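Let me begin by presenting the structure, written as structure tokens, before commenting on it.
The values are calculated or read from the model by the stated rules, or taken from the named source; none is laboratory data. What you are looking at is a predicted structure, and each value in this text was computed from that prediction instead of being measured. Neighbour counts are summed over all protein chains in view; Cβ atoms, including those assigned to glycine, are modelled from backbone coordinates with ideal geometry.
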Amino acid sequence: MKFIISRENLIKPLKLLIGLITKQQTIPILSNILIKVYKKNFIKMISSNLEMELISNIYIKKKIKKIGSLTVSAIKLMYICKSLPDKTNIKFETINNKVFISTNNSKFILSTITSELFPKFDINKKKNLKIKINKNILKNLIKLTYFSMAEEDIRYYLNGMLLEINKNTIISVATDGHRLALCSKYMMNNFYYGLKKIILPRKSILLLIRLLNENDEIIKITIGINFLKIKIKNFIFITKKINGQFPNYKEVIPTLYNNRILINKNELRLALIRSAIFSKEKNKNIIFKFIPKALYIKSINSEKEIVKEYLSINYNGKKIEIGFNVDYLIDVLNVIENKYIYISLYNSKNSILIEPIITKKNIINFNNEYKYKYIVMPIII
């Protein structure tokens, strides 16, 4: 194998490919990336962790001198690329199970592992659903919900996100058992006559967020029995699904509440950020006190240091005191771009429902085809 590639053509996909590599790897070859060199100036780079696979197709200007394949340490290759000046041409050549990487002034000799040992991603190709959608649709569905995913929860099906396709609607749902985020997008055309659900792992969602920053507008999605495959510009991403039954999110959404309060989103967000300064590090507790025409927010730490905030609101009900994890509320307000929100609640023991108020005046980036809502459970105070 012998070819020349510019530093810029190599380092951009390498930054994404390395996202699948873990430092403490028990299977040596999974610390490597697979490089396949083809005719017509085409190179394929692949990384895998057995649960996900990312493929980058790279087209280079320099003529391929010799085709072939190898696997080489992803981290070492990244360090080499970062250390080289911009616009450097990098030469790769394999000789006797070694790869020689050289520039005008530098030379590196790295060990390789035969490409025949690199794992092949096993997917079931039967009964696949294939759709094409705008990249921003999937990006927004993830952006508006991903922060509610659990992390290392014993209920493994919560350590990810549910994607649900029902006729002409795509829905994303994430929950960690203490909060829930839901977003739905109505599509003009019915691209699936049925119901399809898949739970994607947390790590897959986090990598997708980075991949969806690519410029390609239309992406191709394939949903199979045990996997999801997405083609984004020069990348192909495949991830296995989480097997399990996702909770019935419709049963969690509050329908019984007697107070629906309009609040300026940014005023509340800034008040919560200030309140979080003195909240306890472990549980981040704060207290909301609703009284007619006002919301008082209070936080106190173990040193008896106190933060108090006041907001004028259009509330005319009875006094209600309710506690929350302040980070959960801030996470919600960070992704809502509308000027005003509704907080719906029943009493101090029930979850609250947070929804944006969508009007032509306060829409910034999203139109009214997106519907998203958030449920946050209270804490004992």
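Looking for something at pLDDT 85 or above and exposed (fewer than 14 other Cβ atoms within 10 Å of the Cβ) - is there at least one such residue anywhere in segment 227-242? Checked against the condition, which is being at pLDDT 85 or above and exposed (fewer than 14 other Cβ atoms within 10 Å of the Cβ), segment 227-242 yields no hits at all. Criterion applied to LYS233, LYS339, LYS250 was being of a type in the set (D, E, K, R) and closer than 30 Å to SER56 by Cβ, and the one residue passing it is LYS233. Among residues of segment 113-142 being touching a helix residue (DSSP H, G or I) at 6+ places or on another chain (Cβ under 7 Å) and buried (at least 17 other Cβ atoms within 10 Å of the Cβ), the one that is nearest to ILE330 (Cα to Cα) is ILE142. Taking strands (runs of 3 or more DSSP E) as the structural unit, those lying wholly within segment 94-190 and holding at least 2 residues that are assigned by TED's automatic domain parsing to the domain that holds ILE27 and without any contact (Cβ under 8 Å) to a residue 12 or more places away in the chain correspond to 107-111. Among the residues of segment 252-300, the ones that are touching a Gly at 6+ places or on another chain (Cβ under 9 Å), within 15 Å of ILE381 (Cβ to Cβ) and in a loop (DSSP other than H, G, I, E, B) come to 0 in all.
Residues of segment 195-226 that are crowded, with 16+ Cβ neighbours inside 10 Å and among the basic types (Lys, Arg): ARG202, LYS203. In this structure, is ARG260 assigned by TED's automatic domain parsing to the domain that holds TYR315 and surrounded by fewer than 15 Cβ atoms within 10 Å (Cβ to Cβ)? So ARG260 fits the description; yes.
Could we say that THR175 is crowded, with 16+ Cβ neighbours inside 10 Å, polar (S, T, N, Q) and out of contact with any strand residue (DSSP E or B) (no Cβ under 7 Å at 6 or more places or on another chain) here? Yes, satisfied. Starting from segment 58-84, take each residue that is within 14 Å of MET1 (Cβ to Cβ) and list its partners that are at pLDDT below 85 and surrounded by fewer than 13 Cβ atoms within 10 Å (Cβ to Cβ), counting only C-beta distances under 7 angstrom and pairs at least six apart or across chains. Correct list of pairs: ILE64/LYS39; ILE67/LYS39. I'm checking my understanding of the structure. Among residues of segment 1-49 that are under 19 Å from the mean Cα position of the chain (by Cα) and not in a helix (DSSP H, G or I), which one is surrounded by the most Cβ atoms within 10 Å (Cβ to Cβ)? For segment 1-49, the residue satisfying everything is SER47.
Within segment 316-337, the set of residues being modelled with pLDDT under 90 and touching a strand residue (DSSP E or B) at 6+ places or on another chain (Cβ under 6 Å) comprises just one member, GLY317. Of all residues in segment 244-253, none satisfies being among the hydrophobic types (A, V, I, L, M, F, W, C), touching a strand residue (DSSP E or B) at 6+ places or on another chain (Cβ under 9 Å), crowded, with 18+ Cβ neighbours inside 10 Å and free of Cβ contacts under 8 Å to residues at least 40 places away in the same chain. Evaluation of LYS284 against the conditions (1) on the phi < 0 side of the Ramachandran plot; (2) at pLDDT below 90; (3) not aliphatic (A, V, I, L, M) shows that the sole unmet condition is (1).
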